[in-house]
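Inspection log for the structure reproduced underneath, given as structure tokens.
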Amino acid sequence: MDPATTQPQWKPAYQVWPGNVIFCCRGRCITAYPSGPAVCAWSFILVPCGIYTIFAERLWQEWFPVVPIAAALMFFVTTMSLCCLTWAPSALANASVQLAAVAEGLRQVGYKWCRTCQIVRPPRSSHCPDCDHCVMRYDHHCPFVNNCIGQRNYIFFVGFVSSVVCLAIVVLPGMEPNSDVVNTALMIAVISVASLAGLAFLSLIVFLGYHTFLIASGMTTKEHLGKSGRAAQIDEEPTLCAARGPRLFNPRALIQVEHELP
């Protein structure tokens, strides 16, 4: 490109980010493009909780008042955990110019070159094909939370799954319709939603058990499914209680881009 026809221009990094993600709140939050599983996850949280509020007054009178309060608290923790997943991304910034050669000593301890992002990936990092960027200590891409799960937000992901399980334990028993209710359609709707939510709850129990196993083993989902095991790792750093590490890029930092003159 002819330098005479271009003019340097400064833009926030999130406006020119090359990955398949969306930045919200002026770069403070990052998420993948909307997907069906993400809508499904929110529906399984909001719909049962909405029905639960219909019977909250009866539960307050017939049960201990602490039950509706606990439900409200767990709903708050669940939504905040889901939001924190977007506030603490584990993404690694792309680089347009960097040496593709990785020193043999670094390669032996887990450093790799990413041909897509054009950067040297740290150990246990991997490229997410859904978001199109590398992620520190990549665990998996979860379509239900619409985000990559990695080093900086894994603890929030586990907290989200745990809080959803606790929320279901509190909410599902309270969705039993009052015996005075004669509206058959309402009873069928409530029972149907409760049944679907119950199946999702059982699935989450299994899923939480699987991640408990991964935490105890010190492995990520990718490492376990890829059968790399701990033998391929260079340290004994845990997955849940490890340091979250710094955010390696500032989405709101100004970077210089080429702007073609008219």
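Tally Lys/Arg at +1 and Asp/Glu at -1 over every other residue whose Cβ is under 12 Å from the Cβ of Tyr138; what's the total?
Computed value for this residue: +3.
Please list, ordered by chain and number, the residues whose modelled amide H lies under 5 Å from the amide H of Cys134; skip anything fewer than 5 residues away on the same chain.
Leu92, Cys128
Report, by chain and number, residues whose modeled amide H sits under 5 Å from the one on Arg121, excluding near sequence neighbours (fewer than 5 apart, same chain).
HN-HN under 5 Å from Arg121: Lys112, Trp113, Cys114.
Based only on other Cβ atoms within 10 Å, what is the fewest-to-most ordering of Ser195, Ser81?
In order of increasing Cβ crowding within 10 Å: Ser195, Ser81.
Each value in this text was obtained by applying a stated rule to the coordinates, not by laboratory testing. Nothing here was measured: the structure is a model prediction, and the numbers come from that model. No Cβ is skipped: glycine too gets one built from the backbone with ideal geometry, and neighbour counts run over all protein chains shown.
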